[in-house]
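Coordinate-derived values only; no laboratory data. Everything numeric in this text was worked out from a predicted model, so none of it was measured. Please note: Cβ atoms are built from the backbone with ideal geometry, for glycine as well, and neighbour counts cover all protein chains shown.
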Amino acid sequence: IIPVNELESDLSVVDFNELTKDAETKEDFRLAIRYYYLWLLKSLSQQEIIHYDVEKTNSDYYNEILAESIRHQFSYASYLYNYIWYGEFMVDQKSYFQAKKAFVEFLNSLGK
């Protein structure tokens, strides 16, 4: 498994489906959400909705998104990611699957 900070440098070569499954199997729900968020950035970048750069912030990406419906979904996904990844608490299975559902629906709406 590639360390998180290294996979951020080139999202295009990362198999996020495999990484999220592995993190989920290990019940590392915070890491799984991190992978979902990076997967989302990869999808948005591939569709040229954003221009991915490891130095950009969530606000930078939000401001690049022109479609209001995508901006709204991105805002919510960013909220979930920030709350879960940077929160100082354990994420239980129920909370994880609620957050996962939002990420999967967003990714599906983009055509993964």
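Rounded to the nearest Hz, the phi-derived 3J(HN,Hα) couplings of the stretch 52-62 under the Karplus curve 6.51 cos²θ - 1.76 cosθ + 1.60 (θ = phi - 60°) are 5, 8, 4, 7, 6, 9, 4, 5, 4, 5, 4, where x marks glycine and proline.
Most tightly packed first, judged by the mean number of other beta-carbon atoms within 10 Å of their residues, the peptides 94-100, 65-71 read 94-100, 65-71. Restricting the calculation to alpha carbons of the chain gives Rg and Dmax of 13.2, 37 angstrom.
For the listed residue pairs Lys26/Lys94; Lys21/Lys101; Lys21/Lys42; Lys21/Lys56; Lys56/Lys101; Lys26/Lys56, the alpha carbons are over 19 angstrom apart in Lys21/Lys56; Lys56/Lys101; Lys26/Lys56. Take 52-58, 104-110, 19-25, 29-35 and order them by the average number of nearby Cβ atoms within 10 Å per residue, most first; the result is 29-35, 19-25, 104-110, 52-58.
Model label points for Leu66 and Gln47, set 7 angstrom from Cα along the Cα-to-Cβ axis, are 1.4 nm apart. Between the helical axis of 93-110 and the longest alpha-carbon principal axis of the chain there is an angle of about 30 degrees. Relative to the longest principal axis of the Cα atoms of the chain, helix 16-25 runs at roughly 20 degrees.
Between Phe74, Phe89, Phe16, find the one with the highest GNM mean-square fluctuation for the chain; connect C-alpha pairs within less than 10 Å. Maximum fluctuation in the GNM of the chain, among the listed residues, is at Phe89.
Taking the Cα centre of the chain as origin and charging only Cβ (+1 Lys, Arg; -1 Asp, Glu), how large is the dipole, in debye to the nearest 20? List each step's numbers first, then the result.
Details: 11 positive and 18 negative charges, 85 e Å.
In debye, rounded to 20, the chain gives about 420.
When the chain is modelled as a GNM with alpha-carbon springs shorter than 10 Å, which of Tyr86, Tyr76, Tyr37 fluctuates the most? Result: Tyr86 has the largest fluctuation of those listed.
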